[in-house]
Amino acid sequence: MKSRKIFLIGFMGSGKSTFGKKLSKEISLPFIDLDKEIEKKAKCSISEIFKYLGEESFRNMESELLKSFEHLEGFVMATGGGTPCFFNNIEYINSTGTSFYIQLDTKSIFNRLSNAKNIRPTIKDKKEDDLMTFIEETFQERKSIYEQAHFTVNGLHIETKQVIALL
């Protein structure tokens, strides 16, 4: 288990970071929250990166940082919602470790994101109807990429023992 590289992918708000912390503790591997690592490296928030540098710069940083952990023997990483969808990152993730798609329906995602809009740069200014439209459209664009993960688990009923059994 010590040499396992586990990547959690899925839409924003699906619970990757929350579950990743539990899983890493259970299997005694370091936890990496890719978004937090980007903020540390950039010395500013993701919202500020989007605002001042744009999404393209953010996606470049994200992809570079994703690959910078290759030297680590094992870890559990919560990726950003868009991480696997740019620069063939899903192929990198799948060739480097074991990927789990934390699947959640769009209504559950909407309920979770409605309460966290101010900390997510791509949705912070969206009204309720616009938010649901954004979630549905973006989810459809990304779904086929998320489904390339090695395993898919239900984000509403995910348990560490369920994921450990698949490793």
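Per residue, the convex hull around the alpha carbon atoms of the chain comes to 104 Å³. Full extension of the chain segment joining L72 with N154 gains 26.7 nm, where the gain is 0.36 nm per residue of separation less the Cα-Cα distance. Between the residues I145, I158, S68, the greatest Cα displacement towards the positive end of the dipole of the chain, with unit charges on the Cβ of Lys, Arg, Asp and Glu, is found for I158. Pairs over the 22 Å Cα-Cα cut-off, from the set K36/K161; K51/K127; K51/K107; K16/K127; K51/K124; K107/K127: K36/K161; K51/K107; K16/K127.
The slack in the chain from Q162 to E48, taken as 0.36 nm per residue of separation less the alpha-carbon distance, amounts to 37.4 nm.
Rule-based calculations on the coordinates, nothing more; no lab input. Being a predicted model, the structure only gives us computed values, none of them experimental. Ideal geometry is used to build each Cβ from the backbone, glycine not excepted, and the neighbour counts take in all protein chains shown.
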